[in-house]
Amino acid sequence: MAETAAKPDARTKLLNAALGVIRTKGYSATTVDELCAAAGVTKGAFFHHFKSKEALGVAVAEHWSEQTGALFAAAPYHELYKPFDRVIGYLALRKAMLQGRVPEFTCLVGTMVQETYETAPAIRDACDRSISGHAATLEADIEAAMRERNMTTAWTARSLALHTQAVLQGAFILAKAKGGAEIAAESVEHLIRYLRLLFGADGTQRS
């Protein structure tokens, strides 16, 4: 007898649907009914996996971190020899990803935390873990670039890594306000120029 195919995972369907719906409508405007419709599952299935919409918000932030973490971990900029080049390569990839409609390239956790930082602390904390955790993946390369240039600074690799995320999240907000990716791409270019100045890639190192 042929093996019965495994049933689709309703939880994963809901999380994947939430990635698109929340980035398009925002967390507050997204309803459980809309998520169920987008995922093709019943409301009973939703509450089987998530006790509330807030619980889904936490889970989808973690799901986002897993997906994006895998994407960036496999990115080719890691193969560049010099650490500063890897930092710039990361930002070049972020710029290249600014394609399609605004909901397709903006950040899920950045979208959610703007709405929930006071009203849903659990979601806020999950979004912080996601953004801060992603920033942490840049720290080693920033630290190595600082050592390579014998830099003594009042700022840390961690603070600069977090600053890159502040610029990117702000760029996403501008893209939403302007209705397109062009302004976000310009913001990334400004950040690249700033880092080149900061690290002396233009011939003049700043501290």
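Karplus couplings for region 43-48 from phi (6.51 cos²θ - 1.76 cosθ + 1.60, θ = phi - 60°), rounded to Hz, Gly and Pro as x?
5, x, 5, 4, 6, 6
Looking at region 121-207, which chymotrypsin sites (Phe, Trp or Tyr not before Pro) are DSSP coil and have at most 14 other C-beta atoms within 10 Å of their C-beta?
Those satisfying the criteria are 155.
Which of 95/176; 43/176; 13/176; 53/176 have a Cα-Cα distance over 22 Å?
Those over the limit are 43/176; 13/176; 53/176.
Return one number: the angle in degrees, 0 to 90 and rounded to the nearest 10, between the long axis of the Cα atoms of helix 10-25 and the longest principal axis of the Cα atoms of the chain.
Long axis of 10-25 versus the principal axis of the chain: about 60 degrees.
Loop only by DSSP, 16 or fewer other Cβ within 10 Å of the Cβ. Give me the chymotrypsin sites (Phe, Trp or Tyr not before Pro) in region 35-127 that pass, ordered by residue number.
Sites meeting the loop and neighbour criteria: 81, 117.
Using only helices, what value at 222 nm comes out for the chain when you add -39,500 (n - 2.57) per DSSP H run of length 4 or more and divide by the total residues, to the nearest 500 deg cm²/dmol?
-23000 deg cm²/dmol
Just to verify a number: FRET efficiency for residue 66 and residue 152, C-beta to C-beta distance, R0 = 35 Å, to 0.05?
The value I calculate is 0.40.
Please give me the summed charge of the neighbours of residue 65: other residues whose Cβ is under 14 Å from its Cβ, Lys and Arg +1, Asp and Glu -1. Don't skip to the end; give the middle numbers.
Values: positive: 129; negative: 62, 66, 125, 128.
Around residue 65, the surrounding residues sum to -3.
Can you tell me the length gained on complete extension of the stretch residue 75 to residue 176, counting 0.36 nm per residue apart and subtracting the Cα distance?
Numbers: separation 101, 0.36 × 101 = 36.36 nm, distance 2.61 nm.
Using 0.36 nm per residue and subtracting the Cα-Cα distance, I get 33.7 nm.
With viscosity set to 0.692 mPa s and temperature to 37 °C, compute the Stokes-Einstein D of region 9-53, Rh being the Kirkwood radius across alpha carbon pairs; µm²/s, no decimals.
Rounded to a whole number, D works out at 324 µm²/s.
Between residue 96 and residue 43, what length comes free when the chain is fully extended (0.36 nm per residue of separation minus the Cα-Cα distance, one decimal in nm)?
15.3 nm
Given the Cα atoms of the chain, and with Rh set as the inverse mean 1/r over their pairs in the Kirkwood sense, what is Rg to Rh to two decimals?
Values: Rg = 19.5 Å, Rh = 18.7 Å.
Ratio value, two decimals: 1.05.
Residue 199's amide H: which non-local residues (gap 5+, or another chain) put their own amide H closer than 5 Å, with H modeled 1.01 Å from N in plane and none for Pro or chain starts?
Under 5 Å from the amide H of residue 199: 206.
Full-extension gain between residue 117 and residue 104, please, as 0.36 nm times their residue separation minus the C-alpha to C-alpha distance.
Using 0.36 nm per residue and subtracting the Cα-Cα distance, I get 2.4 nm.
Since every read-out is calculated from the coordinates, none of them should be taken as a lab result. Computed from a predicted structure; not experimentally measured. Cβ: placed from backbone, ideal geometry, glycine included. Neighbour counts: every protein chain shown.
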